[in-house]
């Protein structure tokens with residue numbers, strides 16, 4: 001008689017990808033459950049992973065307080081652009097299906113510890129968080145909503161830059177969004193800009209850097225042109241921490257660096273200051 005028998009039904013092997021998250025910065029293996037509990041922040045090196053717009057809403061706003069606005073705005077295709085492999089229209093549709101968003105920015109209104117605010121949250125999954133005509137229009141509309149109701153506006157940026165599928169139309173959004181911010185400034189409505197990884201190109205060169213208060217998450221990539229382009233242009237080696245939140249704070253381009261688990265409390269204090 002055998003001491004044991006083998007089951008004919010093998011248990012499915014659990015892949016490493018199902019158990020572990022690998023930190024992009026320090027390459028540490030972190031249990032996915034721990035990664036999620038830590039809000040996608042590496043416990044080893046404090047790397048702040050990218051959040052979806054929906055995750056950012058859950059983290060920032062009071063439960064059940066968020067009301068999405070201007071979801072009818074979608075990308076436009078004035079050039080009928082195609083790169084030879086796929087059309088811009090098909091790529092935009094794919095991004096809408098993948099993210100559940102109408103554009104690269106989710107706009108709406110909600111509350112932070114009971115204080116009402118309007119906000120826009122960019123999602124890098126949507127065509128690299130690029131700034132297109134629809135993105136700029138949603139920004140304008142949420143800025144006008146904040147102006148009409150005289151409540152603060154908070155924008156979380158995460159972008160690779162202007163959406164060149166739309167040509168000059170995408171570049172015009174830089175002026176359009178800054179004009180919307182200027183109207184808020186004229187009326188004394190607070191505009192708080194939160195820069196996350198990455199915030200680059202046309203977004204960093206427009207509305208992301210003109211907040212009444214510019215906040216950044218730790219270690220975020222923030223800049224306009226890429227490191228390699230700059231080094232090849234000026235023929236110099238750039239510092240290792242160049243275009244990071246910490247470098248920008250040291251040189252006066254951002255006002256504060258705030259850890260993700262402290263962001264809601266920090267924003268609440270800021271809103272309390274402006275609404276007292």
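The values are calculated or read from the model by the stated rules, or taken from the named source; none is laboratory data. These numbers were taken from a predicted model, which means no experiment stands behind them. Cβ atoms come from the backbone with ideal geometry, glycine included; neighbour counts cover every protein chain shown.
A count restricted to region 229-256 and to residues that are more than 20 Å from residue 192 (Cβ to Cβ) and not in a helix (DSSP H, G or I) stands at 11.
How about region 73-121: which of its residues are in a loop (DSSP other than H, G, I, E, B), within 30 Å of residue 274 (Cβ to Cβ) and free of Cβ contacts under 8 Å to residues at least 40 places away in the same chain? Within region 73-121, 102, 103 qualify.
Summed over region 163-193, the residues that are farther than 15 Å from residue 138 by Cβ and either at pLDDT below 95 or not in a helix (DSSP H, G or I) (or both) give a count of 9.
Yes or no, residue by residue, for (1) free of Cβ contacts under 8 Å to residues at least 12 places away in the same chain; (2) surrounded by 22 or more Cβ atoms within 10 Å (Cβ to Cβ):
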position: 151; (1), (2): no, no
position: 162; (1), (2): no, yes
position: 167; (1), (2): no, no
position: 178; (1), (2): no, no
position: 197; (1), (2): no, yes
position: 212; (1), (2): no, no
position: 222; (1), (2): no, yes
position: 232; (1), (2): yes, no
